[in-house]
Amino acid sequence: MASQGAWDLTALLNAADPSAALPLRNLWLARLLEWLRHAPLEKSEPLERGARPLPLSRLIHLLNVLERHPDHAANVTGVLAGAWRDLDAVGLFADVGFASRMAMWSEVGHRLRLRLLPGTVETKDLGELFGLLFPDAEDEAWLRAMDDKLLQRLSALFVGALPDVDWRAALVDALTMLVSAIRAAGFSGPLRQRMGPELLANNPFGQLSRAAEDLIDTLKRGDAAELRRALQYLRALLDACHAAAASVPEHLEAWGVSVDIMFEVEQLLERAARAEALLDVLVAEQPARELLQLLAGLVRVVHERRSLRTLFARHYALLARKVAERSAQTGEHYITRNAADYRDMLWRAAGGGAMIGGTTLIKFALAAMTFSAFWAGFAAGVNYSLCFVLIHLLHWTVATKQPAMTAPAMAHKLRDITSEEGLEGFVDEVANLLRSQFAGIVGNLIAVIPVVLGVQLLAWLAFGGPAVGPKEADYVLHSLNLLGPSVFFAAFTGVLLFLSSLIAGWVENWFVFYRLDSAIAWNPRLIARLGAARAQRWSSWWRANISGLAANTSLGLMLGLVPVVLAFFGLPIEVRHVTLSTGQLAAAVGALGVEIFKQPAFWWCVPTIVLIGILNLGVSFALAFLVALRARGIQVADRARLRSAIWRRLRSQPRSFVLPPKE
């Protein structure tokens, strides 16, 4: 905290020295603005504390003092004139807020340096000094709150300091630099191929530089009518460039998305907005207000430039949206809407449950082998992955994979709930979703139990003992006990289920971004090896299945390897998957026989299975739903109305949440 002496205005004004070295003058300006922000009001000041922001009250006091003391006013105006003369102001208007390289991670490094390393006033770049002059985000508010009378008095001070200086020159140079950067970005390949062709038909980026030069020449000549024409033309081109850049996200389904591309798009859009702001100042008859608004906007930009959270939130939002949209497209296939869909879901879930039954028994066999911890986890992960991939290829289903895919599809429906018809439609989708989840769980469980029990029975008949023995059965009863940590493990497994959907969306986006389907179909070497027809079929197959393969492979490996990795760091976390856990409990029944039903431990496991299913489904759905909402920018304003509609349907038609409508 500064000492009381730091707030002494007399000492501050006495220190104003126009002949001092540039770093000392820059430091004096920083201290003056610090005094405006934080100095307490003096008793002699006839100002009401609550009437305006404190910096403006302090500014009024400063101007009053300068008007009463011409010697101090001369020194202050001398420092201001020297600053404008010796500092490069072009960078402030053309560079502040923009990255020198169009790469996301280089910008992350730059922002880390801004946050962690101290700045210096020993600089000739006004853009670099600007962040030290206005280090508080609140500075934007008090700058915008300046009234016309105070702005006029402040402008008179600057005009007195710069009587013979063309203050517009820096803004003109900055406009030229911005237009050149916009033009270069518009011609870059990654952006150009993703822009709408119809928006590039008139070559707006190619015409920018000439239009800017015409406007600058007209501005120097002072021809008002010609200036209006040149201004209208340049702004029309900027609008066309803005529209072309804004169209990039619309073509991401065909071309994919990367954070670097979206970072470059945003930089282009921000530069266009900055160019518009400079034009407002340059053509205004009384430019003080427009210049003040420009400076206030630069204060906001300076602080946004330091924020890593803003950077990631902004540039990963679209990637999250594309991942959510790809999941939503897949999720539509998991929602049943009629009796035929419901029966199909039961059959496909039963196929998945039967496959998981075999996987459960293989897991016990792998556990009996003397692998080290890592290789045991890897073997289990490969076992799960092969099972899930085979289920996918056979077009069967695993119930716990549904929520992370269906949540984005549900989030998309929320846009239509403003009307009563849209609200009822969303409640219909909720009922369809819950009914689909119920069918998936039932189908999985009614198949996994008889498959495991059947294998155990065959082992008894063939070898005189179960495939999974009493020792393993006792471990299952102990690990699935309701009083143990299984409930927490089930919630953690829900997180892994959600992460697998994100990985699937990311891999599919990566596949599309690098145009691997096109490479498979049209690469000369692949065509020579596979033949043209087979290459086309392979291309279509991979494009259709890449998301499912990524989701199932990543989920299986995470279920096997994540507990091993966490155990290495001293975190004894396991996974609890409802279908796998049910298969394990069925194996325990097959090992111990009917006597198991007399053990309290078995009955403690039954409610655990129910809770595992609820948490697997609930956690993965909630996380995917939240990401989908935020990625689309959806705000559910009337949550009470939504809950009321769901409860009303639940009371009036409870059957619709479990069974399909009658045909």
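The values are calculated or read from the model by the stated rules, or taken from the named source; none is laboratory data. Since the model is a prediction, treat every value here as computed from it, not as a measurement. Ideal geometry is used to build each Cβ from the backbone, glycine not excepted, and the neighbour counts take in all protein chains shown.
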Response to the item:
Turns out the helices (runs of 4 or more DSSP H) fully within region 220-309 with at least 3 residues that are closer than 21 Å to Glu198 by Cα are 224-246, 252-255, 259-283
Worksheet item: Could you list, in sequence order, the residues of region 514-570 that are among the hydroxyl-bearing types (Ser, Thr, Tyr) and over 23 Å from Gly494 (Cα atoms)?
Response: Tyr514, Ser518, Ser539, Ser540
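Test of understanding: among Leu433, Leu423, which residue is buried (at least 22 other Cβ atoms within 10 Å of the Cβ) and touching a residue at least 24 places away in the same chain (Cβ under 8 Å)? Before you say what the answer is, go through the steps one by one.
On the way: Leu423 fails: buried (at least 22 other Cβ atoms within 10 Å of the Cβ).
Checking each option against the conditions leaves just Leu433.
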Practice prompt. Filter region 503-515 down to the residues that are part of a helix (DSSP H, G or I) and among the aromatic types (Phe, Trp, Tyr), then identify the one that is farthest from Ser554 (Cα to Cα).
Written response: Phe513
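Do we have any residue at all in region 111-121 that's in a helix (DSSP H, G or I), at pLDDT below 85, in contact with a Ser or Thr (Cβ under 8 Å, 6 or more places away or on another chain) and not assigned by TED's automatic domain parsing to the domain that holds Arg31?
Just the residues of region 111-121 that are in a helix (DSSP H, G or I), to begin with: 111-116.
Subsequent filtering for residues that are at pLDDT below 85 retains 111-116.
Imposing the further condition that a residue be in contact with a Ser or Thr (Cβ under 8 Å, 6 or more places away or on another chain) reduces the set to 111.
Add one more test, that the residue is not assigned by TED's automatic domain parsing to the domain that holds Arg31, and what stays is 111.
Yes, some residue in region 111-121 is in a helix (DSSP H, G or I), at pLDDT below 85, in contact with a Ser or Thr (Cβ under 8 Å, 6 or more places away or on another chain) and not assigned by TED's automatic domain parsing to the domain that holds Arg31.
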Discussion item. Could you go through region 204-217 and let me know if any residue there is in contact with an Asp or Glu (Cβ under 9 Å, 6 or more places away or on another chain) and of a type in the set (S, T, N, Q).
Written reply: no
Discussion item. Suppose we keep only residues that are charged (D, E, K, R) and at pLDDT below 90 within region 30-63. Which one would you say is surrounded by the fewest Cβ atoms within 10 Å (Cβ to Cβ)?
Written reply: Lys43
Worksheet, complete the sentence: Scanning region 149-201 for residues that are of a type in the set (Asp, Glu) and modelled with pLDDT of 90 or more, the one farthest from the chain's Cα centre (by Cα) turns out to be Asp173
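With respect to Ala15, is the statement that it is modelled with pLDDT under 90 and surrounded by 14 or more Cβ atoms within 10 Å (Cβ to Cβ) true?
Details: modelled with pLDDT under 90: no; surrounded by 14 or more Cβ atoms within 10 Å (Cβ to Cβ): yes.
Against the criterion (modelled with pLDDT under 90 and surrounded by 14 or more Cβ atoms within 10 Å (Cβ to Cβ)), Ala15 does not qualify.
Sort out which residues of region 467-502 are in a helix (DSSP H, G or I) and among the small types (Gly, Ala, Ser), and write them in order of number.
Kept after step one, since they are in a helix (DSSP H, G or I), are these residues of region 467-502: 470-479, 486-502.
Passing the criteria: Ala473, Ser479, Ser486, Ala490, Ala491, Gly494, Ser500, Ser501.
Tell me the residue from Leu208, Leu154, Leu150, Leu171 that is in contact (Cβ under 8 Å) with a residue 60 or more places away in the chain, farther than 19 Å from Ser57 by Cα and surrounded by 15 or more Cβ atoms within 10 Å (Cβ to Cβ), please. Quick ask: steps written out before the conclusion?
On the way: Leu208 fails: in contact (Cβ under 8 Å) with a residue 60 or more places away in the chain; Leu154 fails: farther than 19 Å from Ser57 by Cα; Leu150 fails: farther than 19 Å from Ser57 by Cα.
Exactly one of Leu208, Leu154, Leu150, Leu171 is in contact (Cβ under 8 Å) with a residue 60 or more places away in the chain, farther than 19 Å from Ser57 by Cα and surrounded by 15 or more Cβ atoms within 10 Å (Cβ to Cβ), namely Leu171.
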Worksheet item: Hey, among Ser518, Ser547, which residue is assigned to a helix (DSSP H, G or I), in contact with a Lys or Arg (Cβ under 7 Å, 6 or more places away or on another chain) and not aromatic (Phe, Trp, Tyr)?
Response: Ser547
Item to complete: Among the residues of region 184-199, write down those that are crowded, with 19+ Cβ neighbours inside 10 Å and not small (Gly, Ala, Ser).
Response: Leu191, Arg194, Met195
Worksheet item: Applying the selection to region 461-473, what residues are without any contact (Cβ under 8 Å) to a residue 60 or more places away in the chain and either within 55 Å of the chain's Cα centre (by Cα) or at positive phi (or both)?
Response: Gly464, Gly465, Lys471
